[in-house]
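All remarks here apply to the structure that follows.
Just so it is clear, none of the values below were taken in a lab; they were calculated from the coordinates. Predicted model only: the values in this text are computed from it and were never measured. A quick note on method: Cβ atoms are made from the backbone with ideal geometry, for glycine too, and the neighbour counts reach across all protein chains shown.
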Amino acid sequence: MGIARVLWTCAELTTTVGLVVLLLVVHQVWWTNREAVAAARDRVRALERAWDESGPIDSGATGGGGEGGGDSGGEVDAGADVDPGTGAGAGSAAPTARPGTPAARPARPPAAGQPGRTGSAAAPAASQAYAVLRIPRLGLAVPVAQGVSKAAVLDKGYVGHYPQTAQPGARGNFALAGHRNTHGEPFRYVNRLRAGDEIQVETQGRRYTYVVDKVLPETTERDSGVIAPVPRSVVAPDYGYAEPGAYITLTTCTPEYTSKYRLVVWGKLKG
């Protein structure tokens, strides 16, 4: 009788622990995505409303007027605070825009006497959402915030701007990090980007268009070269660039479900 009771108690404990683990997985995979996607979408709309009240967008801006953040400075973790999470794997079909994803606004000429910001504008405050990243191929529209803190930026479903890298449109490297899985997983499908795909960055009064140029499928999390002003991997030197320019870099975890390596996508500012 005593053995049967012990076995029954063990079975109940095992079932309870299993249910708790299942609830945690559901929260991490589903609920964090739901919350982060909604919050990011609301933030995009809030930025657009504020910009609409301030003036029109110059879609022809190419930047290049300054160095922005300049050198990435010292040892930079190329995947800092980018956690892979436990989101579902990518399928074979191209993703479609998420329901309710804000569409790109139509381009409008600059208002008289109100030229847009230059690419050399000062960096915004830490954790401040100040731009919108749009990737038409992925149906993505997500806020860009200053810094790559998990709690203050990435876990909100935002994309984070690496401090001390260039600002949008400036010469140098505008480098970004984002979750591959969970917490909105904005970079879940960046592995599907191909040369020639457009990446748009919208700030107050300006819109910059970059064109995907190169992809580094896998590197270590401490490959600081990928976010340098002239990006070039220090782990795989055959990947990267040799001349100054206006670049964009997207970094995220790979493969899915892990944070072992980093996937890197590079683009050049469209002239």
Worksheet entry | Close pairs (7 angstrom Cβ cut-off, 6 or more residues apart or separate chains): closer than 22 Å to SER224 by Cα in the range 171-185, of a type in the set (Lys, Arg) and outside any strand (DSSP E or B) anywhere | ARG180/ARG188
Fill in: Qualifying residue in the range 220-236 (condition: among the hydrophobic types (A, V, I, L, M, F, W, C) and surrounded by fewer than 17 Cβ atoms within 10 Å (Cβ to Cβ))
yes
Worksheet item: For ARG262, which of the numbered conditions (1) in contact with a helix residue (DSSP H, G or I) (Cβ under 6 Å, 6 or more places away or on another chain); (2) assigned to a strand (DSSP E or B) fails to hold?
Response: (1)
Worksheet, complete the sentence: The residue from VAL211, VAL234, VAL190, VAL201 that alone is out of contact with any Cys (no Cβ under 8 Å at 6 or more places or on another chain), touching a residue at least 24 places away in the same chain (Cβ under 8 Å) and more than 25 Å from TRP51 (Cβ to Cβ) is VAL190
